[in-house]
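Structure incoming, see below.
The values are calculated or read from the model by the stated rules, or taken from the named source; none is laboratory data. Remember, it's a predicted structure, so these values are computed and weren't measured experimentally. All Cβ positions, even for glycine, are placed from backbone atoms using ideal geometry, and neighbour counts span all protein chains on display.
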Amino acid sequence: MVAEGVVKRYRSTTVLDHVDLRAGQGITGLLGPNGAGKTTLLRTIATVLRPDEGRIRAFGLDPGDAAQRREIRRRLGYQPQEPGFFQSFTVLAFLDYVAILKELSGREERRREVRRVIDLVDLGAVANRKIRKLSGGMRRRVALAQALLGGPQLLILDEPTAGLDPEQRLRFREVVSQVAAEQTVILSTHQTDDVAAVCDRVVVLHEGRARFEGTPVELGDLAAGRVWLADRPDASARLSWRMGTGRHRLLGDPPAGAELVSPTIEDGYLLLVGHAANLAEEPV
Amino acid sequence: MTWHVDTTQLDRYESDALPPSGMASVEMHVTSCESCRGQVAGRADDAARARVKQALDERLDTPPAGRTERLLRLVGLGEADARIVGATLSLNWSWIAACILSLAFVVLAATVGSRGAGLAAFLVAAPLVPLVGVAVAYGPRVDPTFEIATAATLPGARIVMLRTIAVTAPAIPAIAALSVFLPAGPLAFAWLLPALGLAAASLALGTLMDLPKAAAGLSTLWLLGAGMDLADAPRTSAEGFVRGFAAFHPSGQLLFASLGAVSLLLVALRRAEFEIAR
């Protein structure tokens, strides 16, 4: 999947400002704060929205052409940020309905495929339960399951781990890692530990622009030599917070008496797009 | 355990030759006796067992069809189309019922009150029912699965048309049935061509803008037109009053029929626009 110079505007607001993104086999994470444009970018890649400028190609096909767009959708799975359901449907009925939308028209084919994804995301115990009676985490799993119908070669997941407990997130990572062995997965998240755990590459979006593209390790390395632990907060630090151990983690110039530590992905991300970057008004 | 199933009993069980009590006795026993269970398993016809399992899996994994879906299948709609239409009706049936009920009250008012005003009110209100039906048929605000459906391969135009038909098909005959109670002869059905023309026009506009906006815009124009024409309409007779609105003239009826045909042609030509969100 290739996106080049993608621009999307809503009235007078430019939500995506000449964004480039390339994603091949494996998992590409899209990281960024609220309002960065992640959802808009994913909706554009998923062919739900048409970009105002720029070029998108998936499998060498152009979503601007109706026939090619259909072919892309045949190989695509998409989990929206806020997936909607017919509340009176059971999990089984909903997945069967989406399978119909994906034109898995043979009844036996549909039944096998629905059963496959139910087993894959471990929804067997609630398959006949109405969706309105499921917890938020379970509904997220139903949303993931519908995206996996048809064995898509390009899987687009918008905030797939929002609302999941740690065990569910671990299960999600297992499923996505399994799928990404042979497919392309693009997922957006606020959680830097999801990026660290499963992503081969990460793109950081901020205010509609791509600020970083590289590996998670490279993102963390942006903060190399700038992360410290101290017993007390330091006013000169660009960003600091108290940790559970009682010590303070500081980002920025070396405070007196502080101990230099290895940076995490979160440190690199915060330095890149957090409040510190705005305050400093200088490139990272 | 002192009693076990012997070979003769197993032979008779396998060939269904035991009396019901005997069959039940063997089945109860094997659920708790591993060795007898092993004997029964050893005789099982793998192919038959696979067929039974497949049939069970199909039964368990096939979501039961609702009443509406079963009815639609009976009248010849395919399974996939019946499921889409059924989902639409499950969202909108209460709205449809409320609109029909409202029109019923208008008919009641027309029969007991001022004939001209009542008839005009019915004829002006009736086309709005399918028009608003188009507005609630499909779109991000009315369909919770809109984004999922848009990213899927089933053509958006097909979903829109199926859903529009799902909403208008019950509404139009119901309104026609109400028209029978109006003491106005064929004039009581003068709403039909404007209803179809406006519904088709809102679909055509839906290739340029959101369907609810298209329907709202056309509803406003329709009501404004009705208001302006009827304000100056003669009140000498009910028919004369109603025909004060150009839409209920023969020429107006022809215009709406043409509008419907041209709109449907535009929808066919621009159907790809239903496959992208705005």
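Tell me the residue from A:GLY54, A:GLY60, A:GLY84 that is in contact (Cβ under 8 Å) with a residue 24 or more places away in the chain and small (Gly, Ala, Ser), please.
Of A:GLY54, A:GLY60, A:GLY84, the one residue that is in contact (Cβ under 8 Å) with a residue 24 or more places away in the chain and small (Gly, Ala, Ser) is A:GLY54.
Tell me whether region A:77-91 contains one or more residues that are on the phi > 0 side of the Ramachandran plot and of a type outside the set (Lys, Arg).
Checked against the condition, which is being on the phi > 0 side of the Ramachandran plot and of a type outside the set (Lys, Arg), region A:77-91 yields no hits at all.
Within region A:4-21, is even one residue within 9 Å of another protein chain (Cβ to nearest Cβ) and not basic (Lys, Arg)?
No, because not a single residue in region A:4-21 is within 9 Å of another protein chain (Cβ to nearest Cβ) and not basic (Lys, Arg).
Looking at (1) exposed (fewer than 11 other Cβ atoms within 10 Å of the Cβ); (2) within 25 Å of A:GLY124 (Cβ to Cβ), which one does B:ALA47 not meet, given that it meets all the others?
(2)
Could you count how many residues in region B:51-80 are more than 21 Å from A:ILE100 (Cβ to Cβ) and either more than 14 Å from chain A (Cβ to nearest Cβ) or touching a strand residue (DSSP E or B) at 6+ places or on another chain (Cβ under 8 Å) (or both)?
Total satisfying the criteria: 1.
Can you tell me which residue in region B:243-278 is farthest from the other protein chains (Cβ to nearest Cβ), limited to those that are of a type in the set (Ser, Thr, Tyr) and closer than 15 Å to B:ALA199 by Cα?
B:SER258
Which of the residues spanning region B:12-27 are closer than 13 Å to B:VAL40 by Cα and either modelled with pLDDT of 85 or more or not assigned by TED's automatic domain parsing to the domain that holds B:GLY42 (or both)?
B:ARG12, B:MET23, B:VAL26, B:GLU27
Looking at (1) at the interface with another protein chain (Cβ under 8 Å from one of its Cβ atoms); (2) in contact (Cβ under 8 Å) with a residue 12 or more places away in the chain; (3) of a type outside the set (A, V, I, L, M, F, W, C), which is the only condition A:LYS130 fails?
Just one mismatch for A:LYS130, condition (1).
Residues checked against (1) at pLDDT 90 or above; (2) within 14 Å of another protein chain (Cβ to nearest Cβ):
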site: B:GLY133; (1), (2): no, no
site: B:TYR138; (1), (2): no, yes
site: B:ALA149; (1), (2): yes, yes
site: B:THR153; (1), (2): yes, yes
site: B:VAL180; (1), (2): no, no
site: B:ALA195; (1), (2): yes, no
site: B:LEU198; (1), (2): yes, no
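Of all residues in region B:123-158, which are among the small types (Gly, Ala, Ser) and in a helix (DSSP H, G or I)?
Correct list: B:ALA125, B:GLY133, B:ALA135, B:ALA149, B:GLY156, B:ALA157.
Would you call B:ARG67 over 26 Å from the mean Cα position of the chain (by Cα) and of a type in the set (Lys, Arg)?
Considered against the rule, which asks whether it is over 26 Å from the mean Cα position of the chain (by Cα) and of a type in the set (Lys, Arg), B:ARG67 comes out as no.
Here's the yes/no breakdown for (1) buried (at least 21 other Cβ atoms within 10 Å of the Cβ); (2) more than 13 Å from the chain's Cα centre (by Cα); (3) charged (D, E, K, R):
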site	(1), (2), (3)
A:GLY124	no, yes, no
A:ARG129	no, yes, yes
A:VAL142	yes, yes, no
A:GLN168	no, yes, no
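Looking at (1) part of a loop (DSSP other than H, G, I, E, B); (2) within 14 Å of chain A (Cβ to nearest Cβ), which one does B:HIS4 not meet, given that it meets all the others?
(2)
Continuing with this model, one more query. Sort out for me the helices (runs of 4 or more DSSP H) sitting completely within region A:41-133 that have 2 or more residues that are in the same structural domain as A:LEU16 (by TED's automatic domain parsing).
Ranges flagged: A:66-74.
This table checks each residue for (1) farther than 24 Å from A:GLY124 by Cβ; (2) modelled with pLDDT under 75; (3) surrounded by 14 or more Cβ atoms within 10 Å (Cβ to Cβ); (4) in contact with a Lys or Arg (Cβ under 7 Å, 6 or more places away or on another chain).
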| residue | (1), (2), (3), (4) |
| --- | --- |
| B:LEU56 | no, no, no, no |
| B:PRO64 | no, no, no, no |
| B:ARG67 | yes, no, no, no |
| B:LEU74 | yes, no, no, no |
| B:GLY78 | yes, no, no, no |
| B:ASP81 | yes, no, yes, no |
| B:SER90 | yes, yes, yes, no |
| B:TRP95 | yes, yes, yes, no |
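Another question, if that's okay. Just one of the numbered conditions (1) in contact with a Leu (Cβ under 8 Å, 6 or more places away or on another chain); (2) at pLDDT below 90 is not true of A:GLU109; which one?
(1)
Looking at A:PHE172 and the list (1) out of contact with any Ser or Thr (no Cβ under 7 Å at 6 or more places or on another chain); (2) surrounded by fewer than 24 Cβ atoms within 10 Å (Cβ to Cβ), which single condition is not satisfied?
(1)
Give me the pairs, please: first residue somewhere in region B:40-59 and under 25 Å from B:VAL5 (Cα atoms), second residue anywhere and hydrophobic (A, V, I, L, M, F, W, C), beta-carbon distance under 6 Å, and either six or more positions apart or on two chains.
Final answer for the pair search is B:VAL40/B:VAL30.
Conditions (1) within 14 Å of chain A (Cβ to nearest Cβ); (2) buried (at least 18 other Cβ atoms within 10 Å of the Cβ); (3) touching a residue at least 12 places away in the same chain (Cβ under 8 Å), marked per residue:
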{"position": "B:ILE172", "(1), (2), (3)": "no, yes, yes"}
{"position": "B:LEU211", "(1), (2), (3)": "no, yes, yes"}
{"position": "B:LEU218", "(1), (2), (3)": "no, yes, yes"}
{"position": "B:GLY225", "(1), (2), (3)": "no, no, yes"}
{"position": "B:THR236", "(1), (2), (3)": "no, no, no"}
{"position": "B:PHE241", "(1), (2), (3)": "no, yes, yes"}
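Let me ask something additional. With A:ARG43, A:ARG75 as the choices, which residue is at pLDDT 95 or above, within 11 Å of chain B (Cβ to nearest Cβ), surrounded by fewer than 24 Cβ atoms within 10 Å (Cβ to Cβ) and closer than 30 Å to A:LEU271 by Cα?
Among A:ARG43, A:ARG75, only A:ARG43 is at pLDDT 95 or above, within 11 Å of chain B (Cβ to nearest Cβ), surrounded by fewer than 24 Cβ atoms within 10 Å (Cβ to Cβ) and closer than 30 Å to A:LEU271 by Cα.
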